[in-house]
Structure formats: C-alpha cells, structure tokens
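Below is one structure; the comments refer to it alone.
The values are calculated or read from the model by the stated rules, or taken from the named source; none is laboratory data. Here the structure is a predicted model, which means the values were calculated and not measured. Note: ideal-geometry Cβ built from the backbone for every residue, glycine included; neighbour counts use all protein chains shown.
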Amino acid sequence: MPSIKLFGNRFSGHSYKVALCLALTNTPYEYEEISLSIPRPQRPDYFRKNTRYDEVPLLLIDGEPFVQSNAILLQLTQQLGLMLDETKTTQIYEWLMWEQSRLGSSLPNLRFELKFKDTHEPAVAAWLQNRLVDDLGILSQQLDKTKRFALGDTPTIVDCSLAGYLYWLTDADMDISEWPLVAAWLERIKQLKGWQHPDELLVG
Ligand SMILES: N[C@@H](CCC(=O)N[C@@H](CS)C(=O)NCC(=O)O)C(=O)O
C-alpha cells in the first residue's frame, strides 16, 4: 500500500469526500489540517508548493500531489482500485462533473453565506437556495431510480462526492426530511463500515 497523506480542513466538505472514501475502504492515511483562517501566502510551504489552487483537499500518494476533490477520487479509484466499478465509468464522470457545477457549488456557497459570513446578502442566499432545491430534486430523481446508492446497489466514489456537504445541510438552514430519498440514502451511507460524520473525520 502506498503512503497516503491528506491535507484538509474540518469545515471543508470537499476534504470530507476524500476522507470518506479512504475511511469506507479502510485505507490507512495520514491527515493534516490546514487552517483556512490563515491568509493563503502564510500557509505552510510544503502545502503551497503542491497545490496549484491554494485549496484543500490536497492528497499525496507516495509524495505525488493530487488536487481537486473529484479528480482525487478518480485517482483513488483508478490508481488504487478504491470503490472501483469499471461498469459505471461514464456515469461516474458525468455525476462528478454535475456535482462540481451544481450540488458541490450551491450547498457549500449557501452554507458559507449563512454560517461563516458576518454580513449576509439575502439575494445571494435566495439564489443559492433555489439552485440547491433544484439540485436536491435531481438527486432525489436519481435515487428513486437506483434505490440504494447513487449509481446502483453498491457505493462508488460518486456517493462520497455527492455526500460531501450533505451531512451539514442544517448549516444551510435546510431540513433533509423534505427530501426523504436523499435522507434515506445518507442514512444508508452512514451504515457503511468506517463511516464517520465530517465533524469527527476531519478533526486532524
Ligand atoms: N473544486 C475544488 C474546491 C476546493 C475548495 O473550494 N476548497 C476550499 C475549502 S472547501 C479552500 O481550500 N479554500 C481556500 C481558502 O479558503 O482560502 C475541489 O473540489 O477540491
């Protein structure tokens, strides 16, 4: 097994996606918290020199750097065989792209707006909330078809990606019970061996 090191942050669902994949596959890794309250230029040199975008997550596999959460998940499945499902490659790419442009954008930004910013922009929050409602509708439709996990009977990296921020939905002032299929799917992921809530998994 190669040496794996994850740099993340406890408030980052993008970091959680990667940590969740490693946890669900019982893959040993080292974790280091990067404080995002420190200005970017002052973050540790060994972190900055490996991140093109100055963002977490960063994953080192035998010292080789990988960035962008969904690209990291693809690397974990392709290079290390974690949660591998070669029959679903096209759908995996499709849903990872959708996640980045929709759910992985609307929810973290709404959460940031409502939980972390000192002053709120009601119009921005309303716009993000509308998008998030649409996104949870799309995810519900998919789960209605597949019944158990995002792409079928077994979990894939797509489940890790889509679930990235959803255990924090209350931070965005939304109630998961309004999307029962999504709530049941999150509960199903929760029952998988190795699952931990992001507040526990990302403590560093
Ligand atoms: N598209 C990126 C987004 C990563 C991202 O937005 N990371 C945030 C934390 S969740 C970050 O590191 N921001 C840098 C900062 O706050 O200075 C991914 O999926 O990895």
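A few notes on this one:
- Selection from region 85-125 of residues that are in a loop (DSSP other than H, G, I, E, B) and either within 13 Å of the ligand (Cβ to nearest atom) or at pLDDT 95 or above (or both): 85, 102, 117
- Qualifying residue in region 90-108 (condition: on the phi > 0 side of the Ramachandran plot and surrounded by fewer than 13 Cβ atoms within 10 Å (Cβ to Cβ)): no
- Leading residue by the ranking (modelled with the lowest pLDDT) among those in region 34-83 that are among the aromatic types (Phe, Trp, Tyr) and within 13 Å of the ligand (Cβ to nearest atom): 53
- Restricting region 74-84 to residues that are crowded, with 17+ Cβ neighbours inside 10 Å and in contact with a Ser or Thr (Cβ under 6 Å, 6 or more places away or on another chain) leaves a set whose member that is nearest to residue 150 (Cα to Cα) is 83.
- Residues (in contact with a helix residue (DSSP H, G or I) (Cβ under 6 Å, 6 or more places away or on another chain) and basic (Lys, Arg)) located in region 69-124: 102, 111, 115
- Positions within region 27-74 being acidic (Asp, Glu) and free of Cβ contacts under 8 Å to residues at least 12 places away in the same chain, in sequence order: 45, 64
- Here residue 49 fulfils each of the conditions (1) over 17 Å from residue 165 (Cα atoms); (2) basic (Lys, Arg); (3) touching a helix residue (DSSP H, G or I) at 6+ places or on another chain (Cβ under 7 Å) apart from (3).
- Index of the failed condition, residue 23 passing every other in (1) assigned to a helix (DSSP H, G or I); (2) out of contact with any helix residue (DSSP H, G or I) (no Cβ under 8 Å at 6 or more places or on another chain); (3) buried (at least 16 other Cβ atoms within 10 Å of the Cβ): (2)
- Every residue from region 1-20 that is over 22 Å from residue 168 (Cβ atoms) and in a loop (DSSP other than H, G, I, E, B): 1, 2, 3
- Condition check for residue 3: more than 13 Å from the ligand (Cβ to nearest atom) and either aromatic (Phe, Trp, Tyr) or over 26 Å from residue 182 (Cβ atoms) (or both): yes
- Condition met for residue 204 (closer than 19 Å to residue 6 by Cβ and modelled with pLDDT under 95): yes
- Residue within region 171-181 that is closer than 24 Å to residue 36 by Cβ and not in a helix (DSSP H, G or I) present: yes
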